[in-house]
Amino acid sequence: MSPLDPYNAEPHHTTPVTFQWTRKESGGKEVYEATGACPVCGCTMTRRYSAGQYAQAKGGGLFHRRKDPGPQPFSTLCLCTSLHTGRPDGVEVGCGARITIASWTATDGAPR
(Lines give C-alpha, C1' and ligand atoms only; values in the text may rest on other atoms or scores of the structure.)
Protein backbone atom coordinates (compact mmCIF):
# COMPACT_ATOMS: atom_id res chain seq x y z
CA MET A 1 0.00 0.00 0.00
CA SER A 2 1.04 3.58 -0.51
CA PRO A 3 2.39 5.48 2.48
CA LEU A 4 -0.04 8.24 1.43
CA ASP A 5 -2.95 6.15 2.67
CA PRO A 6 -5.15 8.09 5.08
CA TYR A 7 -4.67 7.81 8.83
CA ASN A 8 -7.43 5.66 10.28
CA ALA A 9 -7.76 5.05 14.03
CA GLU A 10 -10.42 2.37 13.51
CA PRO A 11 -8.57 -0.73 12.26
CA HIS A 12 -7.58 -3.37 14.78
CA HIS A 13 -5.69 -6.27 13.28
CA THR A 14 -6.21 -9.04 15.83
CA THR A 15 -4.43 -11.93 14.09
CA PRO A 16 -0.84 -11.96 15.41
CA VAL A 17 1.69 -10.97 12.76
CA THR A 18 5.26 -12.24 12.71
CA PHE A 19 7.98 -9.67 13.31
CA GLN A 20 11.74 -10.22 13.63
CA TRP A 21 12.79 -10.03 17.27
CA THR A 22 16.31 -8.90 18.20
CA ARG A 23 17.99 -8.32 21.55
CA LYS A 24 20.07 -5.15 21.87
CA GLU A 25 21.68 -2.97 24.45
CA SER A 26 20.76 0.69 24.65
CA GLY A 27 22.19 3.06 27.24
CA GLY A 28 23.50 0.10 29.22
CA LYS A 29 20.04 -1.51 29.35
CA GLU A 30 18.75 -4.62 27.63
CA VAL A 31 16.01 -3.97 25.06
CA TYR A 32 14.09 -6.15 22.63
CA GLU A 33 13.05 -4.89 19.20
CA ALA A 34 10.27 -6.28 17.03
CA THR A 35 10.67 -5.16 13.39
CA GLY A 36 8.27 -5.90 10.55
CA ALA A 37 5.54 -4.52 8.30
CA CYS A 38 2.24 -3.19 9.61
CA PRO A 39 -0.45 -5.51 8.21
CA VAL A 40 -2.81 -2.56 7.66
CA CYS A 41 -0.66 0.01 5.83
CA GLY A 42 2.24 -2.25 4.79
CA CYS A 43 4.88 0.15 6.11
CA THR A 44 7.93 -1.00 8.09
CA MET A 45 7.94 -0.29 11.81
CA THR A 46 9.98 -1.17 14.89
CA ARG A 47 8.64 -1.51 18.42
CA ARG A 48 11.05 -1.55 21.38
CA TYR A 49 10.43 -3.21 24.72
CA SER A 50 12.78 -2.90 27.69
CA ALA A 51 13.63 -6.05 29.61
CA GLY A 52 11.28 -6.60 32.54
CA GLN A 53 8.68 -4.18 31.17
CA TYR A 54 6.47 -6.50 29.16
CA ALA A 55 3.91 -4.47 27.24
CA GLN A 56 0.14 -4.79 27.35
CA ALA A 57 -1.10 -8.11 28.56
CA LYS A 58 -4.76 -8.97 28.95
CA GLY A 59 -5.50 -8.16 32.58
CA GLY A 60 -1.82 -7.33 33.10
CA GLY A 61 -0.05 -5.35 35.76
CA LEU A 62 0.46 -1.64 36.28
CA PHE A 63 -0.62 0.39 33.22
CA HIS A 64 -1.52 -2.87 31.45
CA ARG A 65 2.08 -4.08 31.47
CA ARG A 66 2.72 -7.77 31.62
CA LYS A 67 3.74 -9.14 34.95
CA ASP A 68 5.99 -11.75 33.35
CA PRO A 69 7.31 -12.66 29.90
CA GLY A 70 5.43 -15.36 28.06
CA PRO A 71 3.97 -16.56 24.77
CA GLN A 72 1.13 -14.00 24.68
CA PRO A 73 1.12 -11.67 21.66
CA PHE A 74 1.96 -7.99 22.06
CA SER A 75 -0.60 -5.31 21.21
CA THR A 76 0.69 -1.97 19.90
CA LEU A 77 -0.21 0.89 17.63
CA CYS A 78 1.46 1.10 14.22
CA LEU A 79 4.72 3.02 14.65
CA CYS A 80 5.72 3.47 11.00
CA THR A 81 7.37 6.76 10.05
CA SER A 82 5.69 6.99 6.62
CA LEU A 83 3.45 9.93 5.77
CA HIS A 84 -0.23 9.11 6.19
CA THR A 85 -2.66 11.83 5.22
CA GLY A 86 -4.91 13.25 7.91
CA ARG A 87 -2.72 12.18 10.82
CA PRO A 88 -3.97 14.08 13.90
CA ASP A 89 -1.88 16.86 15.43
CA GLY A 90 0.41 15.47 18.09
CA VAL A 91 0.58 12.00 16.49
CA GLU A 92 4.03 11.80 14.91
CA VAL A 93 4.09 8.19 13.66
CA GLY A 94 1.84 5.37 12.50
CA CYS A 95 -1.22 4.83 10.34
CA GLY A 96 -3.66 4.62 13.25
CA ALA A 97 -3.95 0.83 13.27
CA ARG A 98 -3.70 -1.26 16.42
CA ILE A 99 -1.83 -4.43 15.59
CA THR A 100 -0.95 -7.65 17.37
CA ILE A 101 2.65 -8.88 17.22
CA ALA A 102 3.42 -12.53 17.90
CA SER A 103 5.82 -12.99 20.80
CA TRP A 104 9.37 -14.11 20.28
CA THR A 105 10.39 -17.76 20.12
CA ALA A 106 13.30 -19.49 21.80
CA THR A 107 15.19 -19.49 18.48
CA ASP A 108 15.14 -15.68 18.37
CA GLY A 109 17.56 -15.53 21.28
CA ALA A 110 15.10 -13.60 23.43
CA PRO A 111 13.81 -15.19 26.62
CA ARG A 112 10.17 -16.25 27.02
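Things worth noting here:
- Whenever a residue of region 94-112 is under 12 Å from Arg23 (Cα atoms), its partners that are charged (D, E, K, R) and at pLDDT 50 or above, lying with C-beta atoms within less than 7 angstrom and at least six residues away or across chains, give the pairs Gly109/Arg23; Ala110/Arg23.
- Within region 5-25, the residues that satisfy the criterion of being in contact (Cβ under 8 Å) with a residue 12 or more places away in the chain and in a strand (DSSP E or B) are Pro6, His12, His13, Thr14, Thr15, Pro16, Val17, Gln20, Trp21, Thr22, Arg23.
- Region 9-35: number of residues that are within 29 Å of Gly86 (Cα to Cα) and either among the hydrophobic types (A, V, I, L, M, F, W, C) or open to solvent by 70 Å² or more (accessible area, probe 1.4 Å) (or both): 9
- Hits in region 76-98 - residues which are buried (at least 16 other Cβ atoms within 10 Å of the Cβ) and touching a Pro at 6+ places or on another chain (Cβ under 6 Å): Ser82, Ala97
The values are calculated or read from the model by the stated rules, or taken from the named source; none is laboratory data. All values reported here derive from a predicted model rather than from experimental measurement. Ideal geometry is used to build each Cβ from the backbone, glycine not excepted, and the neighbour counts take in all protein chains shown. Ligands, DNA and RNA are stripped out before the accessible areas are found, and what is left, the full protein with its side chains, is counted by its heavy atoms. Shrake-Rupley method; radii C 1.70, N 1.55, O 1.52, S 1.80 Å.
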